[in-house]
Amino acid sequence: MTRHAEVALAAAAAMEPGGARAVARCDLLSRWPFSDTRDHLFRPFLGPGHEATCEITTSWMQEAGMTVSLDPAGNILGRYEGLTPGAPALLVGSHVDSVKDAGSYDGMLGVMLGVELVDAFHRAGRRLPFALEVIGFGDEEGSRFPSYMLGSRSVAGVLPPDALAVSDRGGVSLVNALSGWGVDPDRFADAYRAPGEVAAYLEAHIEQAPSLEEAGLPLGVVSSIAAQARYYFTVEGMAAHAGTAMHKRRDALTASAAIVLAIEEIAARGPVDLVATVGWLSTGENSATNIVSGAVTFSLDLRAALRETRDRAASEIFAAAAAICAERRVGHAVEERHQLAGAVCDQMLNEALSGAVRDVAGYEPPLIVSQAGHDAMNIAAIAPVSMLFIRCAGGISHNPAESVLDDDVELALAAMIRFADELAQNPRFRSP
Ligand code: GLV
Ligand code: MN
Ligand code: MN
C-alpha cells in the first residue's frame, strides 16, 4: 500500500461512524491499491483493486457486527442476524466495480451506506424482525468483460445461459478470471436467492443527473428504472487507397458517422426519457490515415422509461441504418448484446422511503425515473425494491469530478435507518 493510502486508511479508521465516514471510505477506495490504476480510479470486476476492496470491506463489515462471505458469484455479502436467526433479510447495497476513469461514489456509496446502516443498529445493540444484509455486487458496469450486471443477475436468477462465455480485451476468459479469484464458475449461478429469503432490497445511489440539484434537494426516491438495450453495429465497406475518387468509395466510417447522427436525431425528437448513446467505436487494427475505412464496429446503448418506447426507437434506428447503408453501398449487421426490461420500484417500500425522507429532511421527496441502470432492476425479479437517490454535483458521473456533500449523505443514512425502523413496524416484514 502507498504511504498516501496508509495515511488515508488511518484517517478513515479514526472517523466517527456516519454518512461522512461512508464518503471518506469511498474516497479512500478510489486510490491504489483499491483501484487497478494509480492515476485515476478503475476497479474492474475480478481485478486486484476489486480484491483489495473486498478485503477492506470485509473488515469494515465485521466491525459493524456482520458475518461476511464472498457469494458464489463473487459478490461481497455481510449479514447481521435479526431477532430470529435465519429470518429473511432486508438486503442493502449496490456495486463495487467501476468504469474507467471513474468517480468515487457510483455504486460504492450505496455499499458503504449499507455498512453504516448496520453499524448504527449494531452500536445501538438492536436487532430487527428481519436480518440486515449488505451486498457489494461485482460486475455492474461491464467495464472489463462484455457482460453487464452479472453479480445481481446471478442473485436474481436471471443470468442468460451463455453469460460466462466471454473474455476481456486481453483475451482472459471470464471463467479463468473467476477461477483465479477462487470463485468456481460452475457454481456461479448458485448466488441465487429464492423469493422469501430477501424480504426487500434497498439501494442508495448518487442521482447521476441534475434534477435534485436543480430542485435544491438532497434526496429523491426512484419510481422506476429505465429499460435498456445494448447493440453492436458492424459496417462493412471496402478498404481503399486515400487517393480513390470520392464517388468510387464504399467508406465504412462515413456511413457509420451518418448512422451515429441518425441515432442522435431519432433520440432527440423522441420523448424526453428516450436516450441513445454511441459510446464506443472502432475502425479496427488495419485502419490508417491513408486508407478509406473498410470496416467499423460501434456500440449503441438505448434506454427509455418504457420498454415499448425503447423498442420503437430501436426499430426506427435499424430502418435508418439500413437506408443509409443501402445508399452508401456498404453492408451492415446489428447484434443485440443485452436487454434489460427495466423495473418499477415497489409502491409500499417507496411510501415508507418517502415517509423516512419526510421525517429526517422535512420535505416530500420527488419521484424520479432513473435513466441509469442499477442492480435493483435485476433484484426486482426476487424481491420488492426501492432506491434512494442522493444529489451529486452537476449530475456528473462516470467522471472523476463526481462529488457529493457530506450533509446530504448524512441525511441519506438517517433516512435509511428510519426506513428500516419503519419496516420493522410493518407486519409484512415480521418473521413468523
Ligand atoms: C451503469 O452505470 C449504467 O447505467 O450503464
Ligand atoms: Mn455506473
Ligand atoms: Mn452505479
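The values are calculated or read from the model by the stated rules, or taken from the named source; none is laboratory data. From a predicted model like this one, the values you see are computed outputs, not experimental measurements. No Cβ is skipped: glycine too gets one built from the backbone with ideal geometry, and neighbour counts run over all protein chains shown. Just so you know, the surface numbers come from the protein's heavy atoms only, side chains and all, with ligands and any DNA or RNA stripped out. Shrake-Rupley method; radii C 1.70, N 1.55, O 1.52, S 1.80 Å.
Okay, here's what the table says:
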item	result
The stretch 203-293: trypsin sites (Lys or Arg not before Pro) in DSSP coil with no more than 14 other Cβ atoms inside 10 Å	ARG269
Given 15 as the ceiling on other Cβ atoms within 10 Å, longest exposed-site-free region of the chain for chymotrypsin sites (Phe, Trp or Tyr not before Pro) in DSSP loops	1-279
Full-extension gain in nm, ARG187 to ALA11, via 0.36 nm per residue minus C-alpha separation	59.5 nm
Modelled FRET efficiency - R0 41 Å, ALA381 with ILE291, Cβ distances, 0.05 increments	0.30
Neighbourhood charge, 13 Å Cβ-Cβ cut-off, centred on GLY395 and excluding it, Lys, Arg +1 and Asp, Glu -1	-4
Label-point gap, in nm, between SER59 and THR277 - each point 7 angstrom along Cα→Cβ	3.4 nm
Stretch gain in nm, segment GLU214-ASP311, where the contour uses 0.36 nm per residue and the Cα spacing is subtracted	31.9 nm
Pairwise FRET efficiency - GLN339 versus VAL172, Cβ, R0 = 41 Å, nearest 0.05	0.95
Sulfur and carbon atoms: percent of accessible area, the stretch 1-117 [1.4 Å]	56 percent
Accessible surface of the stretch 149-214, 1.4 Å probe, proportion on carbon and sulfur as whole %	50 percent
R0 of 45 Å, Cβ-Cβ distance ALA326-ASN399: FRET efficiency to nearest 0.05	0.75
Length released on extending from THR234 to ALA165, taking residue separation times 0.36 nm less the Cα-Cα span	22.8 nm
Distance between modelled label sites at ASP39 and ALA194, nm, 7 Å Cα→Cβ extension	5.2 nm
Accessible area expressed per residue, the stretch 63-203, with surrounding protein chains retained (probe 1.4 Å, Å²)	33 Å²
Rounded if a/c under 1.5, otherwise prolate or oblate - the chain, Cα gyration tensor axes	prolate
The stretch 387-432 - percent of accessible surface contributed by carbon and sulfur, probe 1.4 Å	52 percent
Helical mean residue ellipticity (222 nm; -39500 (n - 2.57) per DSSP H run of 4+; nearest 500) of the chain	-11000 deg cm²/dmol
Per residue accessible area of the stretch 252-383, 1.4 Å probe, in Å²	48 Å²
The stretch 76-136, relative contact order [Cα under 8 Å, separation at least 6], %	59 percent
Rounded to 5, percent antiparallel among DSSP beta bridges of the stretch 22-136	60 percent
